[in-house]
Amino acid sequence: MSDALIPTDNSTGTIALYGAPPADVVDLPAGATQFSPLKPGASVLEQQAEASLDELVMLAPPGTLERRYVIALSLRALKVGAPFTILAPKDRGGTRLRKELQAFGCDFEETSRAHHRICAGLRPQSLTGIDEALAEGGPRLIDELGLWSQPGVFSWDRLDPGTAMLIERLPALRGRGADFGCGIGILAHAVLTSPQVTEIHLVDIDRRAIECAQHNVADPRARFLWADIRSAELADLDFVVMNAPFHDAGAEDKKLAQTFVQRAARCLSKGGVCFMVANRHLPYEAILTPTFKRTELVIETGGYKIYEAHT
Ligand SMILES: C[S@@+](CC[C@H](N)C(=O)[O-])C[C@H]1O[C@@H](n2cnc3c(N)ncnc32)[C@H](O)[C@@H]1O
């Protein structure tokens, strides 16, 4: 699976792969084009012409609205009669696949393997319920937040308490900085209230988050980057803000959060500062202390910790 940052040409591949289905559960098609919004550089299902794909293998996402949305997009993009294999772990949407695919008018066979449900069939002549699924899972303005968001992105329809806490504590920042794992841009939006900020890079691995952030942070000082922070090239920053993820592809991954800390230190200039909020149960001190010159625990409350770390 390639994480290349160069978008794949849709015209060269008509076999679609969505996500990273386990190779011991289904056969992965050779030469397939990746369509997951969590793979920087992947092709975009929303832009794929109707009835243009020859085959689809999809590890369906766990959220119901998100899953129905991407299945609807995929079925619309498949040629009539083209084969699809859609699977999900049983406890992460797999047991719902059958009903969902039936509601779209699909005939298929359902099997089980290694805790996954696997539905394999052919794209029918006529589909039902596609427009509704697209409307329910698509990007929209969330009135309560006054922000654009989409099912599937982090905390898509509510302000995360950790993010809210960090915003409350952020001082007026200055210079060039970055929002690592920016989501829909809430932290960057707050940072940009400081007129002394000259530039902020919003980086996220989720294309949908970046697209929402582009709506939400309409400021000429903002730069947007659909990228994995582990390979993003940023340097000479004065500040980094982050509500670091601790899940990678759905599984808790402490190493990912630690990598965010290390990347922040590496991207900052001498005298730079990193403000981060973290879940209390994660062992951030162990990585912050040796990585930064000085680390201060600003506050610990309500299950969260805020750190200020200096290079
Ligand atoms: C806890 S959320 C914070 C989102 C936003 N900053 C906020 O406070 O609402 C972490 C974000 O990191 C992103 N993310 C996860 N892994 C990433 C990676 N390897 N590189 C860049 N972003 C990543 C997720 O897509 C998610 O939007």
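The values are calculated or read from the model by the stated rules, or taken from the named source; none is laboratory data. Keep in mind that this is a model prediction, so the values were computed, not measured. Reconstructed Cβ throughout: ideal geometry from the backbone, glycine too, with neighbour counts over all protein chains shown.
Residue by residue through the stretch 119-146, note down the ones that are within 23 Å of Gly303 (Cβ to Cβ) and within 13 Å of the ligand (Cβ to nearest atom). Walk me through it before giving the result.
Step one: of the stretch 119-146, the residues within 23 Å of Gly303 (Cβ to Cβ) are 144-145.
Residue satisfying the conditions is Leu145 alone.
Just for the stretch 284-305: of the residues that are within 20 Å of Arg266 (Cα to Cα), within 27 Å of the chain's Cα centre (by Cα) and not hydroxyl-bearing (Ser, Thr, Tyr), which one is modelled with the highest pLDDT? Checked the stretch 284-305; the qualifying residue modelled with the highest pLDDT is Leu288. Listed by first and then second residue, the pairs linking a residue in the stretch 221-243 that is in contact (Cβ under 8 Å) with a residue 60 or more places away in the chain to a residue that is among the hydroxyl-bearing types (Ser, Thr, Tyr), with Cβ atoms under 8 Å apart and 6 or more places separating them unless they lie on different chains, are Asp236/Ser269; Leu237/Ser269; Asp238/Ser269; Asn243/Thr163. Residues in the stretch 202-218 that are without any contact (Cβ under 8 Å) to a residue 60 or more places away in the chain, more than 10 Å from the ligand (Cβ to nearest atom) and within 18 Å of Thr163 (Cβ to Cβ): Val217 alone. Taken over the stretch 107-128, the residue count meeting the criterion of being among the hydrophobic types (A, V, I, L, M, F, W, C) and within 17 Å of Leu45 (Cβ to Cβ) is 1.
The condition of being within 24 Å of Gly183 (Cβ to Cβ), surrounded by fewer than 23 Cβ atoms within 10 Å (Cβ to Cβ) and free of Cβ contacts under 8 Å to residues at least 40 places away in the same chain holds for only one of Glu66, Glu46, that being Glu46. Annotation note: Cβ proximity below 7 Å between a residue of the stretch 172-189 that is more than 8 Å from the ligand (Cβ to nearest atom) and a residue that is of a type in the set (Ser, Thr, Tyr) and part of a strand (DSSP E or B) (sequence gap 6+ or interchain) occurs for Gly175/Thr198; Arg176/Thr198. Of all residues in the stretch 35-53, those satisfying the criterion of being at negative phi and within 16 Å of the ligand (Cβ to nearest atom) are Ser36, Pro37, Leu38, Lys39, Pro40, Ala42. Residues in the stretch 150-160 include at least one that is away from the ligand (no atom under 13 Å from the Cβ) and touching a residue at least 60 places away in the same chain (Cβ under 8 Å).
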